[in-house]
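As structure tokens, the structure follows; a few thoughts come after it.
The values are calculated or read from the model by the stated rules, or taken from the named source; none is laboratory data. This structure is a prediction, so every number in the text was calculated from the model and none was measured. Cβ coordinates were reconstructed from backbone atoms using ideal geometry, including for glycine residues, and neighbour counts include every protein chain displayed.
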Ligand code: AMP
């Protein structure tokens, strides 16, 4: 268990690291950010930062000696980096969770192996395998690179008329996975926390709407049945246990309606705090960022209770120009990430709005 006054080391310096650092401060904890990019948003709010590459072993070792526990804000931290750091300090979540969630094929196989439904899938390493997989899985389907995909990058939909070669070219001919298209009625996620001793707490299921593959809005409660709500939380608990996970994570799911009922299909696991959990900053008793800090510190998990009907809207690119209007709106909570430059598709901030229940 960490003592107040300890230092949390965070790999990655974006908005997620920034919000973890902001949540650590009132708990009497310091943060040290390790990130390669100059001017990273999290540097502004942390006690210390190191600007170095993730494969700079000497810098990693110095960083490890200056902190009490290591965590990260993004899943593409090289597994070798996490393993190197774990020789010196506890790394939460551990290298295994990272390894599984970095590779869509390994991740899907892992979830399916738990008896949890995922889209039908097949490994694709070359065009012949893609043709074969299309015969077997059918169309429409979605071809995704196994690694380094996010916000719809590295994936392409294959419809009836699409040629396999063009699809494989479109994803850069990287090792991939072909997934059957899931005819979902809505997309939801569960953000949950697990401690090393198995203590677990999930937030209510969040309903997510994307625009151009980027999260636009999250609302809670989600428009799902109580059975779906419980099933989704139970899936998160089982995944957390199977990974022996420590910290906050998110499970993204598709809701499918068939035979007069609903069922959920797991899309992916994010081994970190998640954009669809940003509503918890103002809308829940404990924010996902504080919860993550509590979980990795071995502290009691906080209440996940919602404070009303909550809506979180991302401010993407120039949308952040509306900051003044948001501030004028009673009851709206503005969060800006302090990014110097706005680019199309870049997450610049978000707004939460809390409405009375009912
Ligand atoms: P991902 O990068 O896997 O989170 O996918 C990004 C988005 O693409 C998802 O949020 C869905 O809207 C859509 N998508 C991905 N995979 C599938 C699938 N198998 N079936 C239907 N839609 C999908």
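Tabulated values for the structure
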read-out: Hits in the stretch 207-223 - residues which are farther than 14 Å from residue 349 by Cβ and within 11 Å of the ligand (Cβ to nearest atom); value: 208, 209, 210, 211, 212, 213
read-out: Subset of the stretch 99-126 (residues that are more than 25 Å from residue 231 (Cβ to Cβ) and touching a strand residue (DSSP E or B) at 6+ places or on another chain (Cβ under 8 Å)); value: 122, 123, 124, 125
read-out: Checklist (1) away from the ligand (no atom under 16 Å from the Cβ); (2) crowded, with 24+ Cβ neighbours inside 10 Å applied to residue 276, failing item; value: (1)
read-out: Those residues of the stretch 116-133 which are over 21 Å from the mean Cα position of the chain (by Cα), part of a loop (DSSP other than H, G, I, E, B) and more than 26 Å from residue 79 (Cα to Cα), in sequence order; value: 120
read-out: Selected residue [more than 24 Å from residue 293 (Cβ to Cβ) and at pLDDT 95 or above] from 191, 209, 220, 205; value: 209
read-out: The listed residue being within 30 Å of residue 72 (Cα to Cα), within 12 Å of the ligand (Cβ to nearest atom), outside the structural domain of residue 69 (by TED's automatic domain parsing) and surrounded by fewer than 16 Cβ atoms within 10 Å (Cβ to Cβ), out of 153, 108, 144; value: 153
read-out: Unmet requirement for residue 341, which otherwise passes all of (1) surrounded by fewer than 22 Cβ atoms within 10 Å (Cβ to Cβ); (2) within 17 Å of the chain's Cα centre (by Cα); value: (2)
read-out: Number of the exception - residue 190 against (1) within 12 Å of the ligand (Cβ to nearest atom); (2) surrounded by 14 or more Cβ atoms within 10 Å (Cβ to Cβ); value: (1)
